Amino acid sequence: MPYHEFDCSTCIPERKKHAVIKGPGENLTDALPAGYLSTIPGTISERGCAYCGAKHVIGTPMKDVIHLSHGPIGCTYDTWQTKRYLSDNDNFQLKYTFATDMKEKHIVFGAGNLLKKNIIEAFQAFPNIKRMSIYQTCASALIGDDINAVAEEVMEELPGVDIFVCNSPGFRGPSQSGGHHTICIVWFNDKVGTVEPEITSDYVINYVGEYNIQGDQEVMQDYFRRMGIQVLSTFTGNGSYDELRSMHRAHLNVLECARSSEYLCNELRVKYGIPRLDIDGFGFEPLSDSLRKIGLFFGIQDRAEQIIEEETARWKPELDWYKERLTGKKVCLWPGGSKLWHWAHVIHAEMGVEVVSVYTKFGHQGDMEKGIARAEEGALAIDDPNELESLEAMYKLKPDCIFTGKRPGEFAKKVCVPYLNAHGYHNGPWKGFEGWVRFARDIYNAIYSPVHQLAMVDISQDQVPMEGGFVTRRMLSDTRLSEEVAQSPELREYTGKYDVMPALRSKTKEDYPYLNPEQQTELV
Ligand code: SF4
């Protein structure tokens with residue numbers, strides 16, 4: 001059994017089953033690390049809680065909604081503006097955060113009245129917003145506040161408002177993944193089927209498990225519209241509350257992040273018979289295959305092929321420019337859940353980097369199985385690592401870059417390892433053909449930033465060697481290339497705009513020749 005024991009965790013022997021090294025020809029059924037279990041006492045996890053998974057990951061990207069936490073203000077802090085899920089309504093859901101701010105006296109005497117007062121106050125402060133999601137926390141769950149009853153009462157008193165209640169306290173399940181599951185099921189049970197949509201196309205999809213990080217949803221929606229597809233709803237990035245109530249009328253569920261929201265697709269399949277198609281918007285090949293599959297489902301494959309051909313011709317020379325300079329670089333792929341397997345193979349195939357470690361904080365064993373299968377031989381796979389284990393792995397593996405969240409990312413910087421924010425991105429969107437080039441550019445910028453040379457300088461010395469002079473990224477990256485490759489006229493650096501969203505949002509009906517006239521009204 002190729003389990004890996006960290007030196008720093010010998011005092012916690014149970015941790016040994018949570019890390020493996022992928023050996024040659026490994027039988028993965030013997031080698032899978034234990035996963036999605038309660039964190040072992042004595043180890044400090046970097047996981048989020050089930051409230052965070054429900055509110056922060058899934059709920060809050062809904063755009064036309066007041067998102068209210070019912071609990072102490074501390075619960076809300078970590079969910080405040082930490083993820084860049086944009087929306088085309090001026091980022092309402094990113095600008096404001098709402099909490100009832102429970103105190104000790106509410107724990108003793110109950111916080112139902114406080115909740116009602118807060119709901120009404122929030123609706124009065126934002127009279128144009130008529131929808132609300134309320135999220136339970138540990139404190140409000142433990143004292144037994146009946147949030148659903150309060151919400152019902154307010155809906156009777158304020159005609160026109162609609163409130164969704166998600167009872168997913170932090171202690172529900174071992175990690176944020178429990179919250180993903182809960183909110184999917186509660187949304188399905190309570191809200192799906194309560195609004196009848198206008199169907200304007202023969203090709204209608206729900207786009208599920210997509211959170212519009214720095215515009216990902218809008219990039220993918222553009223491709224769908226170019227194919228003449230009506231995107232009935234997006235769960236939940238840039239998604240509208242009422243559109244998500246009408247998910248039952250789609251012809252197909254197109255699922256991106258299976259880890260967080262396959263539950264919803266499965267329910268829609270069972271009750272409404274809507275098929276599920278898993279896709280992948282990251283990487284030229286996976287994205288091309290995804291568009292083809294959707295085209296094949298609706299019998300409009302030619303439209304998908306047209307997009308693939310145009311986009312590949314436009315962006316492939318730029319991707320290859322970065323591939324030449326990134327080939328052989330070692331990266332640790334340490335995201336939360338599904339990006340583990342969305343990225344593991346394709347960053348190697350299309351950017352040339354080697355994945356020397358994969359880890360997941362809240363992924364299940366199935367995620368790890370797919371991630372390990374797609375990583376390099378010898379890769380170190382870790383489930384729910386603590387900070388010391390991550391540090392030990394970095395010292396041992398000496399990666400050129402790690403892709404992870406901002407908490408482990410900050411300590412990586414302290415040991416002079418560049419990191420990219422795998423959750424909120426650096427200069428996204430990273431989905432789509434252009435987005436994939438932007439990701440490659442971010443990796444290139446991280447690895448070759450001259451700041452790393454400066455970071456290595458020991459400023460405690462009186463004399464610092466200066467003879468190296470100033471170097472640029474290009475000087476660092478091109479030294480190992482042949483003259484022919486370095487000066488290739490076919491390859492070029494990224495030539496897109498700094499911010500791609502204005503151009504996407506200003507597209508007109510001429511850009512979407514396959515959309516029906518009724519669908520034109522969908523355009524923002
Ligand atoms: S674990 Fe409980 S108390 Fe802590 S942030 Fe989550 S909901 Fe709040």
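The values are calculated or read from the model by the stated rules, or taken from the named source; none is laboratory data. Treat the numbers as computed from the prediction; the structure is a model and nothing was measured. FYI the Cβ positions are ideal-geometry reconstructions off the backbone, even for glycines, and counts take in every protein chain you see. These accessible areas exclude ligands, DNA and RNA; they are computed on the full protein's heavy atoms, side chains included. Shrake-Rupley method; radii C 1.70, N 1.55, O 1.52, S 1.80 Å.
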Check your understanding: Between PHE235 and residues 5 or more places away or on another chain, which pairs have amide H atoms under 5 Å apart, with H built 1.01 Å from N, and which residues are they?
Key -> TYR207, VAL208, GLY209, GLU210
Check your understanding: Using a 1.4 Å probe on the protein chains only, how many percent of the accessible area of the stretch 271-349 belongs to carbon and sulfur?
Key -> 50 percent
**Study point:** Partners for LYS116 among lysines (Cα-Cα distance below 26 Å; same-chain residues under 8 apart left out)
**Key:** LYS55, LYS63, LYS95, LYS103, LYS105, LYS130, LYS191
Check your understanding: At ARG480 and ASN516, where each label point lies 7 Å from the Cα along Cα→Cβ, what is the point-to-point distance in nanometres?
Key -> 5.5 nm
Check your understanding: In terms of modelled amide H atoms, which long-range or inter-chain residues lie less than 5 Å from the amide H of ILE402?
Key -> CYS332, TYR419, LEU420
Check your understanding: In debye, nearest 20: dipole of the stretch 365-524 around its Cα centre with unit charges on the Cβ of K, R (+) and D, E (-)?
Key -> 400 debye
Review point. Of the beta bridges DSSP finds with both residues in the chain, what % are antiparallel, to the nearest 5?
Key: 10 percent
Check your understanding: Accessible area per residue of the chain at 1.4 Å probe, in Å²?
Key -> 42 Å²
Review point. Ignoring any ligand, DNA or RNA, what whole percent of the accessible area of the stretch 350-424 comes from carbon and sulfur when the probe is 1.4 angstrom?
Key: 51 percent
Check your understanding: Which percent of the accessible area of the stretch 46-111 is formed by carbon and sulfur heavy atoms (probe 1.4 angstrom)?
Key -> 59 percent
Practice item. At 0.36 nm per residue, minus the direct Cα-Cα distance, what do TYR498 and ASP289 gain on full extension? Give it in nm, one decimal, please. Key: 72.5 nm
**Study point:** Potential extension, ASP202-THR472 segment - 0.36 nm per residue separation minus Cα distance
**Key:** 91.9 nm
Practice item. Could you pull out which residues in the stretch 337-361 have an amide N less than 17 Å from a spot 7 Å beyond the Cα of ASN266, following the Cα-Cβ vector? Key: 338
Practice item. Can you send over the solvent-accessible area of VAL270, 1.4 Å probe, protein chains only, in Å² to the nearest 10? Key: 120 Å²
Check your understanding: Can you give the relative contact order of the stretch 426-524 as a percent, counting alpha carbon pairs under 8 Å and 6+ residues apart?
Key -> 20 percent
Review point. On full extension of the chain, what length is gained from PHE411 through ASP458, given 0.36 nm per residue of separation minus the C-alpha to C-alpha distance?
Key: 15.0 nm
Point to revise | Separation in nanometres of the label points that stand 7 Å from Cα toward Cβ, at PHE171 and TYR395 | key: 3.7 nm
Practice item. Go through the stretch 13-116 and name the chymotrypsin sites (Phe, Trp or Tyr not before Pro) that are in a DSSP coil and have 15 or fewer other Cβ atoms within 10 Å of their Cβ. Key: TRP80, TYR96
Check your understanding: Taking only DSSP H segments of four or more residues, each worth -39500 (n - 2.57), what value at 222 nm results for the chain once the sum is divided by all its residues, to the nearest 500 deg cm²/dmol?
Key -> -12000 deg cm²/dmol
Review point. What FRET efficiency would be calculated for the residue pair GLU104, GLU153, taking the C-beta separation as r and a Förster radius of 30 Å, to the nearest 0.05?
Key: 0.75
Practice item. Mind putting a number on the dipole of the chain about its Cα centre? Charges go on the C-beta only, +1 for Lys and Arg and -1 for Asp and Glu, and I need it in Debye to the nearest 20. Key: 600 debye
